[in-house]
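Below is one structure, written out as structure tokens; comments come after it.
The values are calculated or read from the model by the stated rules, or taken from the named source; none is laboratory data. Predicted, not measured: the structure shown is a model, and the values here were computed from it. Glycine also receives a Cβ, built like all others from the backbone with ideal geometry; neighbour counts cover every protein chain displayed.
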Amino acid sequence: MTEFHESGKTNDPAVDLDEETLFLVAQTFKALSDPTRIRILHLLSQGEHAVNDIAEKLNLLQSTVSHQLRFLKNLRLVKSRREGTSIYYSPEDEHVLDVLQQMIHHTRHD
């Protein structure tokens, strides 16, 4: 049974969420609330891509892609590597991609 303390906390780690965790979860869902970022993450789930390749495949301006990738990188949702003059992006963590794929499946499900 879960016990509540005066602080409002419980003795159950499955129930308690610290402020930092709550903030990061909210920021992650904020990242997933933008259609452009969803398109970029979905494309990256299929493999590593350079900025100009993402822009071309998604019919977006390169500056838009760079801006969104910076946002996603700050949240550690994507990572990058440099090869010559190109920067290639790929998912940082499969967990968020799993959530995204589940949501896509959910919305397409009849």
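Can you find a residue that is surrounded by 13 or more Cβ atoms within 10 Å (Cβ to Cβ), within 17 Å of the chain's Cα centre (by Cα) and within 27 Å of Leu22 (Cβ to Cβ) anywhere in the stretch 46-66? No.
Listed here are the residues, each with its yes/no results for (1) more than 21 Å from Asp93 (Cβ to Cβ); (2) at pLDDT below 95; (3) not aromatic (Phe, Trp, Tyr).
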{"site": "Lys9", "(1), (2), (3)": "yes, yes, yes"}
{"site": "Leu24", "(1), (2), (3)": "no, yes, yes"}
{"site": "Phe29", "(1), (2), (3)": "no, yes, no"}
{"site": "Glu48", "(1), (2), (3)": "no, no, yes"}
{"site": "Glu56", "(1), (2), (3)": "yes, no, yes"}
{"site": "Leu61", "(1), (2), (3)": "yes, no, yes"}
{"site": "Thr64", "(1), (2), (3)": "yes, no, yes"}
{"site": "Arg70", "(1), (2), (3)": "no, no, yes"}
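Checking every residue in the stretch 63-79 against the condition of being in contact with a Leu (Cβ under 9 Å, 6 or more places away or on another chain) and farther than 17 Å from Asp34 by Cα gives zero matches.
What residue, among those in the stretch 70-110 that are in a loop (DSSP other than H, G, I, E, B) and of a type outside the set (Lys, Arg), is surrounded by the most Cβ atoms within 10 Å (Cβ to Cβ)? Looking at the filtered set, the residue picked out is Leu77. Inclusion of Asn52 among residues that are at positive phi and of a type in the set (S, T, N, Q) is not warranted.
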